[in-house]
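The values are calculated or read from the model by the stated rules, or taken from the named source; none is laboratory data. Here the structure is a predicted model, which is why all the values come from computation and not from measurement. Cβ placement follows ideal geometry from the backbone for every residue including glycine, while neighbour counts extend to all protein chains displayed. These accessible areas exclude ligands, DNA and RNA; they are computed on the full protein's heavy atoms, side chains included. Shrake-Rupley method; radii C 1.70, N 1.55, O 1.52, S 1.80 Å.
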Amino acid sequence: MSEVLGGYIQEPTLSAGDERMVEGTAEASVPSALELEPELARHPGPFQYVMVAVVLAVATLLEVALFYIKAIPTGLLIALLLGLGAFKFAMVVLWFMHLRFDNALFRRVFVGGLVLAFTLYLIVLVTFSSLRALWLILLALALVAFVVVSLVRLQRRPVQAETVVAQPSGAEHG
Amino acid sequence: MAHGATETHEVHTSTGLSNAKVAMWTFLASECLLFGALISSFLLYESRAATSDISPAKLYDIPYTSVSSFVLLMSSLTMVLALAAFQRGDAPRARTWLMATALLGMTFLGGQVYEFTRFVQEGFYLTKNSFATSFFVLTGTHGTHVAIGILMLLSLVGMSADGRLPTHRAETVELVGLYWHFVDIVWIIIFAVVYLIPAAR
């Protein structure tokens, strides 16, 4: 206990019962993760996480199975593999990274970076003739425009004045 | 046993959101640009590798890489279960899931080391040609991210076991989790774009 109280008491002076009572009081005064971050209440539970993992496993199996089916034309196979990859990507981001449930700002920041990267490197690939599809660039530019507009709209919303969030200080003493 | 009289301090934020979480999402958005550059370099050089003596179709062991991908995918599940346990205040279970995540990450990394060794033995090494360089730099950068993630996971386990990570600080676990899931989604893209599609052509 001496350490808990910042070292002011050099030797333990409380009985075991008193110590338990003081510890209980200290624990009760600590805000839970849910109190500090109310958005956590919207997060899914373990069962839903396992279900998402099952879906991801099936999608991976499907990818590998498609790879071995020689009857599928190459163009269609590439489209299917890209589609399944995008599906798995979205499932992990939306469910495991909680973008589906968390604040829209996180979603916009991440999607903004993703779309910028996609557009930039699409332009690079087309410029160096690795891809020959102008419509892909136009699609990417449309996506960038969408993200920029949504960010601007977010910025225009009334933002609460300087908010103060209580956060745990970090290390326990002792 | 020294239970902590954990303090809270006030953090100013103009968004009403956790600054650390906003910073992590911004970092991950910037990582999209890093991996985008590496993937597009690979695609540029891979399209010119068809004439070389070593092509992806001959080189890759798709069943092996599929198992590796599955292992990394399942590590995302154990990570999110660790976070859920931590948020519930069940630190021992959270530590178990974090350890499982680190072990799955190590399995993936071990598999990558084995794969690289086999490629080098078959004459496909870093300086072989531009295609080989882009392949090793891309997958190597991803592997480095996995290794950093494993170190962070083991640090969380150590801190929690040591009592320096009380359960109300679930956000610390969440931030490491976001990084870990990002590493996973990058591999999802690499598996499709770098392994399956070039090998199928």
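So the values come out like this:
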| quantity | calculated |
| --- | --- |
| FRET efficiency for A:Leu94 and A:Val54, using Cβ-Cβ distance with R0 set to 25 Å, rounded to 0.05 | 0.95 |
| Inter-probe distance in nm under a simple model that places probes 7 Å from Cα toward Cβ, at B:Ser47 and B:Ala147 | 3.2 nm |
| Accessible area buried at the A-B interface, both sides summed, 1.4 Å probe (Å², nearest 100) | 6300 Å² |
| Rotationally averaged projected area of the stretch A:56-124 (alpha carbon convex hull; nm²) | 5.7 nm² |
| Neighbouring partner chain Cβ atoms per residue of B:56-65, average, 10 Å criterion | 1 |
| The stretch B:80-123 residues near the modelled B:Val67 label - backbone nitrogen below 13 Å, point 7 Å along Cα→Cβ | B:107-108, B:110-112, B:114-115 |
| By average C-beta atoms within 10 angstrom, highest first, the peptides A:95-104, B:159-168 | A:95-104, B:159-168 |
| Anisotropy class of the stretch B:26-89 from Cα gyration tensor, a/c 1.5 cut | oblate |
| Separation of the B:Leu126 and B:Lys58 label points, Cα + 7 Å toward Cβ, nm | 2.4 nm |
| Mean Cβ count within 10 Å, highest first, over the residues of peptides B:29-37, B:172-180 | B:172-180, B:29-37 |
| Distance between the stretch A:48-107 and the stretch B:126-191 - C-alpha centres, whole angstrom | 20 Å |
| Peptide B:22-29, shielding by other chains (average Cβ, 10 Å cutoff) | 6 |
| Estimated inter-spin distance, A:Val148 and B:Thr117, nm [label 7 Å along Cα→Cβ] | 5.1 nm |
| Estimated FRET transfer efficiency when R0 is 51 angstrom, pair A:Ile72-B:Asp162 (beta carbons, to 0.05) | 0.45 |
| Estimated vicinal HN-Hα couplings, Hz - the stretch A:103-117 in sequence order (Karplus 6.51, -1.76, 1.60; Gly, Pro = x) | 4, 5, 4, 4, 4, 6, 4, 5, 5, x, x, 5, 5, 4, 4 |
